[in-house]
1. Round to a whole number: what % of the accessible area of segment 196-259 belongs to carbon and sulfur, probe 1.4 Å?
2. Measuring from a point 7 Å past the Cα of Glu296 along Cα-to-C-beta, which residues in segment 242-264 have an amide N at less than 11 Å?
3. Rank by packing, highest mean first: peptides 492-500, 470-478, 799-807, with packing defined as the count of other Cβ atoms within 10 Å averaged across residues.
4. Give me the 1.4 Å probe accessible area per residue for segment 421-507, excluding ligands and nucleic acids, in Å².
5. Taking segment 178-236 on its own, what percent of its Cα-Cα pair distances exceed 16 Å?
6. Ignoring ligands, DNA and RNA, please state the percent of accessible area on segment 274-369 from carbon and sulfur, probe 1.4 Å.
7. What Kirkwood hydrodynamic radius, in Å, does segment 7-107 give when the mean of 1/r is taken over all pairs of distinct Cα atoms and then inverted?
8. Express in nm, to one decimal, how much length is gained between Glu106 and Glu662 on full extension, taking 0.36 nm for each residue of separation and deducting their alpha carbon distance.
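The values are calculated or read from the model by the stated rules, or taken from the named source; none is laboratory data. What you see is a predicted model; the values in this text were computed from it and never measured. Quick reminder, even Gly has a Cβ in these numbers, built from the backbone with ideal geometry, and neighbours come from all protein chains shown. Please note that ligands, DNA and RNA were not included when accessible areas were found on the heavy atoms of the full protein model with its side chains. Shrake-Rupley method; radii C 1.70, N 1.55, O 1.52, S 1.80 Å.
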Amino acid sequence: MVKIQDMKILKFGGTSVGSVESIRSVVEIVKQEKQQNNSIILVVSAMSGMTNLLTKMSEEASWGNLDENDLKFFQEKHFEIVKALINISDQNPILTKLKLLMNELEDLLQGVETLKELSPQTKDLILSFGERCSALLLTEIIQQNVGEAKAVDASDYIVTDSNFGQANVMEEMTYQNIQLLAKKYSDKLFVVTGFIAANEENRITTLGRGGSDYTAALFGAALHAEKIEIWTDVNGMMTADPRFVAKAFSLKSLSYTEAMELSYFGAKVIYPPTMAPAFKLRIPIVIKNTFQPEFEGTKIQFNTEPTIFPIKGISSVKNVALINIKGSGLVGKLGFSGRLFSLLARHHINIVLITQSSSEHSITLAIHHDEVEKAKQLIEDEFYLEIDAKWLEPIEIEEKLGIMAIVGENMKKTVGVSGKLFYALGRNGINVRAIAQGSSEYNISVVLNENDLSKALNAVHDAFFYHLKKTIHVFNVGIGNIGATFLKQLEKQKDFLAENNDIEIKLVGLSDSKKMIFDEKGIQLTAWRNALNHSSLEANLDEFMQEMKRLNLPNCVFVDNTASSVVPKYYKQIFEHNISVVTCNKIANSSSYREYYELKQTARKYGIDFLYETNVGAGLPIISVLKDLRMSGDQILKIEAILSGTISYIFNHFKGENTFAEVVKKAQELGYTEPDPRDDLSGIDFMRKMLILARDNGYQVEAEDVKIDAILPESCLTAETVTAFYQILENENDYFEQIKKRAESEQKAIRYIGVLENGRISISLELVDHQHPFYALSGSDNVISFTTERYKERPLVVKGPGAGAEVTAAGVFADLVNISSIK
Ligand code: ADP
Ligand code: ASP
Ligand code: MG
């Protein structure tokens, strides 16, 4: 006789018995076990979707709306399996048995339809057909392919109370029944119906949705099984629900407590009560994948194996509502909570989470949304005296919420876990409605808006499982010189970033002035131009913003690669949606001081980044150096700078025989100037950069406060066309010649220098001698010198190419990877 201690329980879930293909895999798995002479018991769920279908049919029948097609579909699903997997000659008996069950089911449903009444008892009876049919089928298939099998109706052995829908098991009696069964048919391979049981009057009950796992655990505990295997459609228990978190990965092992906490809030791979019988006897539970049997899966056991992460996983549930009970009547009232909780327990209302404020002024309960109205009514009835006396305020309900919980035994040994959790949520603008930490410290749960759940799960998963690549979702506007170069650089650096910085950049939104496209999975960086050209969406910034919000993705960055004055008007609302902004567009920071200040404040308020290094000196580190100096307590005494690459180029080449007009023209031909070179020579662009530096240095300055010495005589500025401008420039040659001569005779260089001192900005033409740090400046270089308390004797100088698409785009790129949410 088989020693029952060597027994192994294999439970196959709905998807494992849901199709011809999956049942073939099940047969293979069972064959392997038998070949190794293992003694096993199979527990099977209803075919996938069938319990839902039975629920639907029973409810619709009770409203008088039974759909015959549903019944046909139920029958077809089972017949299809018979036809595909059972020899034709053997099909008839099993088809007849199934047909008898179908007839019984139909009679029941018609009874419900006639009476328009569905008691919990009848509903359980109807639901039992899912497992009864699947067990019948499986027994026959195993019998044909593996060997002697016996269908076991668990309702003959598992005894429960009469709490239909979620019955409580009488364990001792159940175990005895199972042991007797095992002794009686020790040579048979049992195929047991999961999920169903019966009360002491032999009326069918069910163990709650997902309850087949529980059946497996009960058989395991009764027979002191060596192991319980839960075969499902994923590679074991994962760090999060893989349907929401694409990066979720399988866990090698979990403790019972961890598995319990994870499954309590939604990780439905395993049904929570399952753990209890296994836990008591320390029987390991292994979660395996029917579709990939060689994968080792997840082992759930008494002790967990250590991992490097502070948490094991993240679970979530939807369809949650909060009930808020507030009022002075709660303060110091002994027994209030007791009355509240026993009231809800008496009515079988499950409280998912509880928080109580330390002032005792309020208690908040999270409850499944189907039960919240009932719970509210019960509380109002129970406490009507207190509400009448205004000791309690009217009971409030908040709906459309979800719960996310981080779980793991390591949490209690690790500092900063909640900090990390709330930082990730805050950075992504996710509002937390309630928080609970179990005293076990194995779990921190937060209640959130239901539509933020997926974003929250992904953001928190990225934050805790730091060995995985962090995903940055980029929305880019502008594909001119800088924009296109930036996208090219993204493409080029993609693999490097993934490999060395663990960053994955996904371009999810793109727009130029004509078209826009979105792709949550990422727009191909090699084919964005084609995709954009073929997009059916006309460019529209309002709609771009709407879509960006609707997608609600974690770790988002909006990149403004335009020079448009319209795009910056959207920054504020972008910040308000907790999306960081990286921009090379100077307009936002150099318009009115009020606008600049408001943007800075908003970015700070929402705790996200607003990075604009390329506003001054393209890719040169100027804004960041200034920030670092100030942050570290240094005091800026003076800033001197040459921040116009165009003007640098012009004066560096205004030597010898060349006229000023010729040099400007040459600069234009080489692409160093704006289409109208006066936009550079007027000094406006330079002024904007000085303005941004001054403001970042804490000065409240406006464009009108800047003193600019014009390079060009008035007549040049008023010329109507660029051609006319060049003509006048030739006529004014003497003016420039004089400056050149003076510089040459004094052996000095002509430089257009901006100075910021004591909050005042001036920009003027200067002649500097060879000792001046700005004397030796080549090409179109920028230079900036910071004289500070620390760098007083010898200023801190940053110098290098300060214009051009490549360096500017590289600066935008650097800002992007500096976004703090990815660090
Ligand atoms: P079965 O029908 O086999 O009982 P279930 O649907 O009850 O399967 O449970 C398996 C499903 O649980 C998976 O398909 C997956 O979508 C979901 N799930 C939720 N959370 C997790 C998690 N943390 N790890 C793995 N799967 C999860
Ligand atoms: N068939 C039942 C359900 O869908 C039980 C189970 O699958 O575990 O809930
Ligand atoms: Mg399940």
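1. For segment 196-259, the apolar C and S fraction of the accessible surface comes to 45 percent.
2. What the label zone holds, given the 11 Å backbone N cut-off, is 252-253.
3. Numbers: 492-500: 12.8, 470-478: 23.4, 799-807: 19.3.
The packing order, highest mean first, is 470-478, 799-807, 492-500.
4. Numbers: 3430 Å² over 87 residues.
I get 39 Å² per residue for this part.
5. Result: 55 percent of Cα pairs exceed 16 Å.
6. With neighbouring chains kept in place, the figure for segment 274-369 is 56 percent.
7. 15.3 Å
8. 190.6 nm
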